[in-house]
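The values are calculated or read from the model by the stated rules, or taken from the named source; none is laboratory data. Keep in mind that what you see is a predicted model, and the values were worked out from it rather than measured. Here the Cβ positions follow ideal geometry from the backbone for every residue, glycine too, while neighbour counts run over all protein chains shown. Surface accessibility is based on the protein's heavy atoms, side chains included, excluding ligands, DNA and RNA. Shrake-Rupley method; radii C 1.70, N 1.55, O 1.52, S 1.80 Å.
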Amino acid sequence: MVDRVLVTLDGTVRNPDEPLLYADDIGALRGDGVFETVLVRDGKASALELHLARLRRSAQALDLPDPDVAQWRTAVEAAVKEWGSDREGVLRMIVTRGRDGADSRRVGSGELSGPAPDLTGYVLVSAVAERVSKARAEGISVITLTRGISTELATTAPWLLLGAKTLSYATNMAALRFAARQDADDVIFTSTEHRVLEGPRSTVVIQRDKQLLTPPARDGVLPGITQRALFAEAGKAGWDCSYKSLFTADLVTADSVWLLSSITLAARVTTLDGLRMSAPDCAEEIADLVNRGIERAWNIADWS
Ligand SMILES: *Cc1c(COP(=O)(O)O)cnc(C)c1O
């Protein structure tokens, strides 16, 4: 059984134990690129079209060349086939700005040798982390941490790339390590106005009675695919789903708080800043709605 699968954008299945990147790849030099993380389940890439659409939007935000969606689809299909259908997997689509100096070298000498010098793209599949099944089954402890910015920056400072899934995740990972040192599993970022933003790798959804709420993209959060799938499914099941700015106080008074993401899917917050949050009667229903929503995500017509 393979433990990793690597497919380059030309559709070639590569040996994942052999080097792939050049030392001057701008993805490595500056974290300048975008990515998607997709759950492989039952031999399929879940909600693939929504992930491809968001990859395009992220690439646009960074002025990267428009991803060739058909090419990505082919590479993903090859990777998923190689991975098989007997277990879940984490599929990453990685795009970087390619090799440093590719532009100037092209100006000087015409065509460059080697493939696609102004873009690096590949698909990597690996095993799902152990924390994931625990988070799904038992929930997670969460602390709130400031992101140190105002929600206004989503519209006034587009260079912060707040709505894009970029490779520059060092601060997100540092926040998770900070949480781990305090025995917390995850983080909810807040703005300087004490508004709820998102997790370092997840979307925040709160539940009150038959209502589901999540912060809107204009507050500077990444539009989540898992949240979107939940809202589509829950809407059909009679839930009132809406996008609304939330304050940290709303977390405490909610009936339940969830972190949603493509790999973990639904993780209920069981402790928030040390405060216990007991499970509501609908906890299982919400987790089921997320599962079903992801299975039917191909039904969600458009991302924009
Ligand atoms: C990936 C990610 C999410 C969750 O999005 P999904 O599409 O549900 O996986 C939310 N916030 C951030 C910062 C992310 O990186």
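Look at region 142-181 and say how many of its residues are surrounded by 12 or more Cβ atoms within 10 Å (Cβ to Cβ) and assigned to a loop (DSSP other than H, G, I, E, B).
Summing the residues that are surrounded by 12 or more Cβ atoms within 10 Å (Cβ to Cβ) and assigned to a loop (DSSP other than H, G, I, E, B) in region 142-181 gives 14.
Can you name every residue in region 195-229 that is farther than 19 Å from Leu39 by Cβ and open to solvent by 20 Å² or more (accessible area, probe 1.4 Å)?
Within region 195-229, Arg195, Arg208, Asp209, Lys210, Gln211, Ala217, Arg218 meet the criteria.
Note down all Cβ pairs under 8 Å where the first residue falls in region 203-227 and is free of Cβ contacts under 8 Å to residues at least 40 places away in the same chain and part of a loop (DSSP other than H, G, I, E, B), the second is more than 13 Å from the ligand (Cβ to nearest atom) and of a type in the set (Asp, Glu), and they're at least six residues apart or on different chains.
Once the first residue is free of Cβ contacts under 8 Å to residues at least 40 places away in the same chain and part of a loop (DSSP other than H, G, I, E, B) and sits in region 203-227, its partners that are more than 13 Å from the ligand (Cβ to nearest atom) and of a type in the set (Asp, Glu) give Lys210/Asp240.
From the residues in region 37-95 that are polar (S, T, N, Q) and under 18 Å from the mean Cα position of the chain (by Cα), which one is nearest to Tyr122 (Cα to Cα)?
So the residue we want is Thr37.
Applying the selection to region 230-262, what residues are surrounded by fewer than 21 Cβ atoms within 10 Å (Cβ to Cβ), small (Gly, Ala, Ser) and either within 15 Å of the ligand (Cβ to nearest atom) or in a helix (DSSP H, G or I) (or both)?
Ala232, Gly235, Ala249
Does region 220-250 hold any residues that are under 27 Å from Leu48 (Cβ atoms) and charged (D, E, K, R), and which are they?
Correct list: Arg228, Glu233, Lys236.
Restricting attention to region 3-15, report how many residues are within 23 Å of Val132 (Cα to Cα) and surrounded by 13 or more Cβ atoms within 10 Å (Cβ to Cβ).
Matching residues across region 3-15 total 3.
Would you call Ser278 among the small types (Gly, Ala, Ser), surrounded by fewer than 16 Cβ atoms within 10 Å (Cβ to Cβ) and part of a strand (DSSP E or B)? Walk me through how you get there before you give the answer.
Details: among the small types (Gly, Ala, Ser): yes; surrounded by fewer than 16 Cβ atoms within 10 Å (Cβ to Cβ): yes; part of a strand (DSSP E or B): no.
Judged against the criteria, Ser278 is not a match.
Step by step: first the residues of region 17-67, then only those that are assigned to a loop (DSSP other than H, G, I, E, B), open to solvent by less than 80 Å² (accessible area, probe 1.4 Å) and out of contact with any strand residue (DSSP E or B) (no Cβ under 8 Å at 6 or more places or on another chain), then the one that is nearest to the ligand (Cβ to nearest atom). Which residue is that?
Going through the qualifying residues, I end up with Gly43.
So which of Arg14, Arg56, Arg30 is farther than 24 Å from Ser168 by Cβ and modelled with pLDDT of 95 or more?
Arg14
Could you give every pair whose Cβ atoms fall below 7 Å, whose first residue belongs to region 249-269 and is within 24 Å of Val90 (Cβ to Cβ) and in contact (Cβ under 8 Å) with a residue 24 or more places away in the chain, and whose second residue is part of a strand (DSSP E or B) and charged (D, E, K, R), counting only separations of at least 6 or pairs across chains?
Between residues of region 249-269 that are within 24 Å of Val90 (Cβ to Cβ) and in contact (Cβ under 8 Å) with a residue 24 or more places away in the chain and residues that are part of a strand (DSSP E or B) and charged (D, E, K, R), the close pairs are Trp258/Arg268; Leu259/Asp186.
What's the number of the only condition in (1) open to solvent by less than 30 Å² (accessible area, probe 1.4 Å); (2) modelled with pLDDT under 95 that Gly108 fails to meet?
All conditions pass for Gly108, except number (1).
Per-residue answers, yes or no, for (1) more than 16 Å from the ligand (Cβ to nearest atom); (2) aromatic (Phe, Trp, Tyr); (3) touching a helix residue (DSSP H, G or I) at 6+ places or on another chain (Cβ under 6 Å):
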position: Val142; (1), (2), (3): no, no, no
position: Thr156; (1), (2), (3): yes, no, no
position: Leu160; (1), (2), (3): no, no, yes
position: Asp186; (1), (2), (3): no, no, no
position: Phe189; (1), (2), (3): no, yes, no
position: Thr192; (1), (2), (3): yes, no, no
position: Arg201; (1), (2), (3): no, no, no
position: Arg208; (1), (2), (3): yes, no, no
position: Thr214; (1), (2), (3): no, no, yes
